[in-house]
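Engineer: Pasting a structure below so you can have a look.
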Amino acid sequence: MWTGGREGKSAPLQTVQDDLQYARQKTWDTRKALDDVRFANQADLPRAYRAFREEVNTMTDAGMRLVQHANGMHYQGNAYIVEAEQSAGQCRYPRLSRSARMPRMELGDAFEPIDEQAQQVQRAYRSFQFDILAIERYLSREMTEKGVRDMEIFMRRSEVNGDSLLYALEAELSVVERAKRAYNETAQGKEGLNP
């Protein structure tokens, strides 16, 4: 299900950064939970599976935010990134819970690398998501040590795709941080010109 982009939603750059950091943590947590399943004996397998299933659910939620950001940037361009509210008093529409009415953040040349990396993150997430969902579904029907062995190829593939996702998340976090620094320097420069 696609939940962003053409519907006119937007996000502050800080929200994008926070969602990337959260997804990075959830990727690590999901991989650890999968390792716990992989090495659990039959008695511990139900507990390990439940923990893995919970991590898959939170990873899916985190991933959908990544997809929303990637689609929003793709379909709306630079208009997707808006300036963060400083306080409720400074917000133009304090009763609105969404930042859809906030002014666009002028990122200039810094936007394109963020958008490109967001597309990479989305592709990497989709691959990782496919693996972990396949494992979770199969184990929901075949929760045995044999079932775990049957999923070994997906587990190995999820390690590779998890590494790809972590790499893509780190790369996007890096370009987001550079964009924030560039924006702050530009904003400070404009303040210095307007005494």
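The values are calculated or read from the model by the stated rules, or taken from the named source; none is laboratory data. Note that this is a predicted model, so its numbers are computed, not measured. Neighbour counts run over all protein chains shown; Cβ positions are idealised from the backbone, glycine included. Note: areas computed on protein heavy atoms with side chains; ligands, DNA, RNA excluded. Shrake-Rupley method; radii C 1.70, N 1.55, O 1.52, S 1.80 Å.
Engineer: Do you know which residues across the range 56-69 are under 18 Å from residue 134 (Cα atoms) and open to solvent by 40 Å² or more (accessible area, probe 1.4 Å)?
Structural biologist: Passing the criteria: 57, 58, 61, 64.
Engineer: For the range 135-154, indicate whether the set of residues that are open to solvent by less than 20 Å² (accessible area, probe 1.4 Å) and under 28 Å from residue 14 (Cβ atoms) is non-empty.
Structural biologist: No: the range 135-154 contains no residue that is open to solvent by less than 20 Å² (accessible area, probe 1.4 Å) and under 28 Å from residue 14 (Cβ atoms).
Engineer: Take the residues of the range 155-181 that are of a type in the set (S, T, N, Q) and surrounded by 15 or more Cβ atoms within 10 Å (Cβ to Cβ): which is farthest from residue 134 (Cα to Cα)? Reasoning before the result, please.
Structural biologist: Our first condition is that a residue be of a type in the set (S, T, N, Q); within the range 155-181, this holds for 158, 161, 164, 174.
Checking which are surrounded by 15 or more Cβ atoms within 10 Å (Cβ to Cβ) leaves us with 158, 161, 164.
Working: 158: 10, 161: 13, 164: 18 Å.
Step by step, filter the range 155-181, then rank; the result is 164.
Engineer: Right, next: Within the range 50-72, how many residues turn out to be out of contact with any helix residue (DSSP H, G or I) (no Cβ under 7 Å at 6 or more places or on another chain) and without any contact (Cβ under 8 Å) to a residue 60 or more places away in the chain?
Structural biologist: Here the count works out to 4.
Engineer: Taking the conditions exactly as written (out of contact with any Leu (no Cβ under 8 Å at 6 or more places or on another chain) and more than 23 Å from residue 64 (Cα to Cα)), does residue 163 satisfy them or not? Write out each step before concluding.
Structural biologist: On the way: out of contact with any Leu (no Cβ under 8 Å at 6 or more places or on another chain): yes; more than 23 Å from residue 64 (Cα to Cα): no.
Judged against the criteria, residue 163 is not a match.
Engineer: Determine the pairs where a residue that is farther than 14 Å from residue 132 by Cα, located within the range 21-49, has a partner that is hydroxyl-bearing (Ser, Thr, Tyr) and at pLDDT below 95 with Cβ atoms under 9 Å apart, the partner being 6 or more residues away or on another chain.
Structural biologist: Every condition considered, the pairs that remain are 42/144; 45/144.
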